[in-house]
Amino acid sequence: MLASVIAAVIANLDIAKLYKLADYDNEIPGYSQFSSTQIYAALTAAFFASGAAHLFAESARWKTGANYALAGVVALIAAAPFWLVSGLGMSVLLTFWLPGILLLLMVSGFLHGRNDDLALWTFNYRLGLAVILAGLAALAFILGAYAVLASIDYLFELDLKYDIYDHVYMTGLLLIAPLFGLEMVPSDLHGSGELEKKGLTYRVPLLLLTYLLLPLLLIYTIVIYAYAAKTALAWELPRGQVGVMVLSFAAGCVSIWMLAIPYRDSSSLLLRLFRRNWYWLLIVPLVLFVIGTYRRVSEYGITPERYGLILVGIWIVGMICLFAIRRQKVQPRVVIATLAIMLMLASFGPWGAADVSVRDQFRRLVALLEENQILVDGKIAPPQTTDTNTRESIKSLLTFLSKSGHLSDLKVYFEDSEDEEKWFDRIDSIRRLTARLSGDESETRRMQDVEFRSRKPGHVEADGSTLVSGPYKLGNKWGRAIDTLAGQLKVEMQEGHLRVDYKERHWTISARHILDEVQNRHPATMDEAIPFEMDGPEGRAWLIVNSLTGELHTKMGDGSDSSDISSLNATFVISTD
């Protein structure tokens, strides 16, 4: 509950601009500011992990103090990884760590003591209903608050700020929904006897299973087996993406097997047959999965996504063996807990999805460079032209290493000490490295979209009296000229440059210079407004760029330049002495 309150408070402070969260992807070399994704993901993990710990303590009948202590410690452990990683590591946590915690929540109250499949089913059924009703409660709160605020705004002409609706939305999502859901979570973990077998809550899942879910799954089975027959008769390999389809099919089989727990003796013949023999249906799709995934990994290497496919594939093989040996004695809590533990273990360590993927992709890049004589005797050779496929492969591998924070691992292959600044510590490092390694200078000459938004102020040092005016918005949306201070200050975005007139003096600065400096700013000052000193016949003047968008083009052979700023938010500092 505390995590939910903290998340709601942070979101509202962010909306009110009292505490600003970064919205970068944290994939820029050297950039490490915490993002909203990190904060909300960490709080989400803490929320569900503390709930799982509380349920485990309840099932073990721990005292209240020990219960809350365990929940607090587990919440901190669950949230900690999100503060330590960024880029690829964050994606891995969202893909493996967080789903693992959610799966543990489903079974944590039933890991201690005797097995009770019906109680586990009832708890998770009610937990699902709690989630749905919590969402409806949040929706009702948001729509009701919107209606009240809109009525007040219209009737009393208060001209309420639009961000007040953002406050309502985030409060409903992060506070009302979790609190309402917590109130509906069943407190009696083994209260399976309360489920009335003739009531609506008992009959709805059975109707869904019998007339919707099982028929759809059987149709899906026919489709997959027909595709397997087609590939066998044509003597061709399965498509690489077939792995996702097979895992979806396996997930459907396991879900229906678990949903049918209360109806194993009172359902239709088809559902009973499926529940007893469903795992045999996975054998042929599993063969497709192995071939397709092997083909994909051979062609493109291991990534966290393919690592996840392989991991779940191993889990499926284990489940088939377990069901084949123990048949009806397999416990649902073992099935879920096993997958949860595997996912969480894959989130960290040298065996984890991130480290294994980075090692494999780095190895592939080195092999590709050596194959094309770009890397010779452990050092990068002089630039030479490569074909399009090789160039695209190099760029793809560099992009992956950049996202994982391991682009600098290539430094050992460069000769000069200056290469670190030249190739690795720039916003456009991937583009420059691709051009250097592939020998294609078009990578550095082509048009670039430039976008920048500051989150901290910029600074200039000015002697004597100064005029500070702004911020002003210029561009296609707001107009390309400003006339202010009773006509004393004029700012105009002209073709290729920006001109500022103040009284009898004027200053200019080229659009290319602004765009180039913004594009190549150092990561250490990533979120600071950028100051530029402007050229003029007398006196000094500065342009402080708060945000901009534009296009940086290649200069033509005749020296013409079509680089242009499409939008600019800036403050002007002018020496008046």
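Points worth noting:
- Ser562 sits with roughly 70 Å² accessible to a 1.4 Å probe, with DNA, RNA and ligands left out of the calculation.
- Calculated mean residue ellipticity at 222 nm for the chain: -17000 deg cm²/dmol, from DSSP H runs with n ≥ 4 weighted as -39500 (n - 2.57), summed, divided by the residue count and rounded to 500.
- Separation of the range 238-313 and the range 472-500, taken as the distance between their Cα centroids, equals 61 angstrom.
- nm² value of the averaged projected area, convex hull over the Cα atoms of the range 30-158: 12.0 nm²
- Using only the C-alpha atoms, the convex hull of the range 115-251 corresponds to 215 Å³ per residue.
- His54 contributes about 70 Å² of solvent-accessible surface, heavy atoms of the protein only, 1.4 Å probe.
- Helices that extend 18 Å or more along their long axis by alpha-carbon positions and average at least 0.0 on the Kyte-Doolittle scale are, among the DSSP H runs of the chain, 2-15, 36-59, 64-84, 117-156, 214-234, 242-259, 283-300, 304-326, 332-345, 353-371.
- Computed accessible area, Tyr125, all protein chains, 1.4 angstrom probe, square angstrom: 50 Å²
- Ordered by solvent-accessible area of protein heavy atoms (1.4 Å probe), largest first, the residues Val500, Val244, Val468 come out as Val468, Val244, Val500.
- Cα gyration tensor of the range 456-496 - equivalent ellipsoid semi-axes, whole Å, descending: 22, 15, 10
The values are calculated or read from the model by the stated rules, or taken from the named source; none is laboratory data. These figures come from a predicted structure and were not determined experimentally. We work out accessible area using only protein heavy atoms, side chains counted, and drop any ligands, DNA or RNA first. Shrake-Rupley method; radii C 1.70, N 1.55, O 1.52, S 1.80 Å.
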